[in-house]
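The values are calculated or read from the model by the stated rules, or taken from the named source; none is laboratory data. Computed from a predicted structure; not experimentally measured. So basically every Cβ, Gly included, is an ideal-geometry build from the backbone, and we count neighbours across all protein chains shown. Just so you know, the surface numbers come from the protein's heavy atoms only, side chains and all, with ligands and any DNA or RNA stripped out. Shrake-Rupley method; radii C 1.70, N 1.55, O 1.52, S 1.80 Å.
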Amino acid sequence: MDDLEGTAAERLDRLARLGEADGVSHEWTRRQLERALRDWAIDQDTLAVLGEGREDY
């Protein structure tokens with residue numbers, strides 16, 4: 001089965017539809033979770049850098 005692609009909302013929608021179907025392996029589900037967590041970590045790092053770069057006047 002192909003990995004989920006697209007925005008977080010699109011991936012969540014597709015995952016919900018796939019959850020209703022049979023044949024989703026534990027390995028595939030884990031791979032999707034790992035990808036989502038990696039993306040989340042990158043976003044958190046980006047937000048932290050942007051937050052530190054702002055100056056209060």
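For every helix of n ≥ 4 consecutive DSSP H residues, a contribution of -39,500 (n - 2.57) applies; sum these over the chain, divide by its total residues, and give [θ] at 222 nm rounded to the nearest 500 deg cm²/dmol. Write down the numbers at each step before the final one.
Numbers: 2 runs with 40 residues, N = 57.
So the calculated ellipticity at 222 nm is -24000 deg cm²/dmol.
Run the quick spin-label model on Val24 and Val49: label points 7 Å from Cα toward the beta carbon, then report their separation in nm to one decimal.
Between Val24 and Val49, the simple spin-label model gives 3.3 nm.
Return the single residue from Leu33, Leu12, Leu47 with maximal mean-square fluctuation; model: Gaussian network over the chain, springs between Cα atoms under 10 Å.
Residue with maximal mean-square fluctuation among Leu33, Leu12, Leu47: Leu47.
Working from Cα positions, state the angle (0 to 90°, nearest 10) between the long axis of helix 8-19 and the longest principal axis of the chain.
20 degrees
Could you please state how large a percent of the accessible area of the chain is carbon and sulfur, counting protein chains only and using a 1.4 Å probe?
With neighbouring chains kept in place, the figure for the chain is 54 percent.
Along the stretch 28-35, what does the Karplus equation 6.51 cos²θ - 1.76 cosθ + 1.60 (θ = phi - 60°) give for ³J(HN,Hα), rounded to whole Hz, x for Gly and Pro?
5, 4, 5, 4, 5, 5, 4, 5
For the stretch 1-46, what does the accessible surface come to per residue with a 1.4 Å probe? Please give it in Å².
Details: 3820 Å² over 46 residues.
I get 83 Å² per residue for this part.
Report the Rg/Rh value for the chain, based on alpha-carbon coordinates and the Kirkwood definition of Rh.
On the way: Rg = 15.9 Å, Rh = 13.3 Å.
Over the Cα atoms of the chain, Rg/Rh equals 1.19.
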